[in-house]
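S.K.: One structure is given below, represented as structure tokens, and several questions about it will come after.
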Amino acid sequence: MNKKTLYLVHAAVIAALYVVLTFLANALGLSSGVIQVRFSEALTILPFFTPAAIPGLFAGCILANILTGCMPLDVLFGSLATLLGALGTWSLSKSSKLLAPLPPIIANTLIVPFVLAYVYQFEGSIPYFMLTVGIGEVISCGVLGLILLNVLQRYRKYLFPDIPK
């Protein structure tokens, strides 16, 4: 398969998975509010394997946020947090896999609390929201993301054949 085509397919599949997993978490009441555990955030470890995950995660987050009825500023800043996290994970892809979930955890913990406070005007302080968002991100990216990373590591040569590691 052509490398450009493979890149686009990877990005599109990742975007679609992000949307579907966000809908699943949303249906269970986990993807919005002060503590957010989006299953889709586990996918933020994918830039560890392929740079195609960067636009895939960004597009998936934009679509998921729009389709779940988020406010426009949440769509913008939440998606930018995911983009920054994905770029950070890609930059760490030559490092230890244990570091892979850190950039999305940090990006979301620093950006999303301001969205909760100023866009949605939730009751609470920025430090409180940083704590609650951080907890959700540690669960989503840290715990679920590292489990996913370890599973995908076993199948890397089949799923990401043109990406050396």
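Quick note: the coordinates plus some simple rules give every number you see, no bench work behind them. Everything numeric here is computed off the predicted structure, so don't read it as measured data. Here the Cβ is made from the backbone with ideal geometry for all residues, glycine too, and neighbour counts use every protein chain on show.
S.K.: With +1 on the Cβ of every Lys and Arg and -1 on the Cβ of every Asp and Glu, and nothing else charged, how large is the dipole of segment 3-159 about its Cα centre, in debye rounded to the nearest 20?
M.R.: Dipole about the Cα centre, nearest 20: 820 debye.
S.K.: Using the alpha carbon gyration tensor of segment 94-149, what are the three equivalent-ellipsoid semi-axes (square root of 5 times each eigenvalue), largest first, in whole Å?
M.R.: They are 25, 10, 8 Å, listed from largest to smallest.
S.K.: Right, next: Between LEU57, LEU67, LEU116, which gets the highest mean-square fluctuation from a Gaussian network model of the chain, Cα cutoff 10 Å?
M.R.: Comparing LEU57, LEU67, LEU116 in the GNM, the peak value goes to LEU67.
S.K.: In what sequence do VAL20, VAL151 fall when counting other Cβ within 10 Å, fewest first?
M.R.: Ordered from fewest to most neighbouring Cβ atoms within 10 Å, VAL20, VAL151 come out as VAL151, VAL20.
S.K.: Separate question: If contacts are Cα pairs under 8 angstrom and at least 6 residues apart, what is the relative contact order of segment 1-52 in percent?
M.R.: Normalised by residue count, the contact order of segment 1-52 is 36 percent.
S.K.: Separate question: Cα axis of helix 145-154 to longest principal axis of the chain: angle in degrees, 0 to 90, nearest 10?
M.R.: 10
S.K.: Per residue of segment 73-79, in order, report the coupling 6.51 cos²θ - 1.76 cosθ + 1.60 (Karplus, θ = phi - 60°) as ³J(HN,Hα) in whole Hz, putting x for Gly and Pro.
M.R.: 5, 5, 4, 5, 6, x, 5
S.K.: Do you know the relative contact order of the chain, to the nearest whole percent, from alpha carbon pairs under 8 angstrom that are 6+ apart?
M.R.: Result for the chain is 26 percent.
S.K.: Next question. To test your reading of the geometry: what angle, between 0 and 90 degrees and rounded to tens, separates the Cα axis of helix 3-27 from the longest principal axis of the chain?
M.R.: Relative to the chain, helix 3-27 is tipped by roughly 30 degrees.
S.K.: Taking the Cβ of each residue in VAL37, VAL143 as the centre, tally the other Cβ atoms inside 10 Å and list the residues starting with the fewest.
M.R.: In increasing order of surrounding Cβ atoms, one gets VAL143, VAL37.
S.K.: So, one more: Pick from THR22, THR50, THR89 the residue whose mean-square fluctuation is largest in a GNM of the chain, springs joining Cα atoms under 10 Å.
M.R.: Result: THR50 has the largest fluctuation of those listed.
S.K.: I would also like to ask the following. Just rank MET130, MET71, fewest to most, by other beta-carbon atoms within 10 angstrom.
M.R.: With the fewest neighbours first, MET130, MET71 line up as MET71, MET130.
S.K.: Please express the Cα-Cα pair-distance distribution P(r) of segment 3-159 as a list of whole percents, one per 5 Å bin, running from 0 to the bin with the greatest distance.
M.R.: Bin by bin from 0 Å, the calculated values are 2, 11, 19, 25, 21, 12, 6, 2, 1, 0.
S.K.: A further question follows. Can you tell which of MET130, LEU87, HIS10 lies farthest toward the positive end of the dipole of the chain, using +1 and -1 charges on the Cβ of basic and acidic side chains (Lys, Arg; Asp, Glu)?
M.R.: Final value for the positive-end residue is HIS10.
S.K.: When N counts the residues of segment 32-105, how does its alpha-carbon radius of gyration compare numerically with 2.2 N^0.38 Å, as a ratio?
M.R.: 1.07
S.K.: Between GLY124 and residues 5 or more places away or on another chain, which pairs have amide H atoms under 5 Å apart, with H built 1.01 Å from N, and which residues are they?
M.R.: none
S.K.: How much length, in nm to one decimal, is gained on full extension between THR5 and ARG156, taken as 0.36 nm per residue of separation minus their Cα-Cα distance?
M.R.: Taking 0.36 nm per residue and subtracting the Cα distance, the gain is 52.5 nm.
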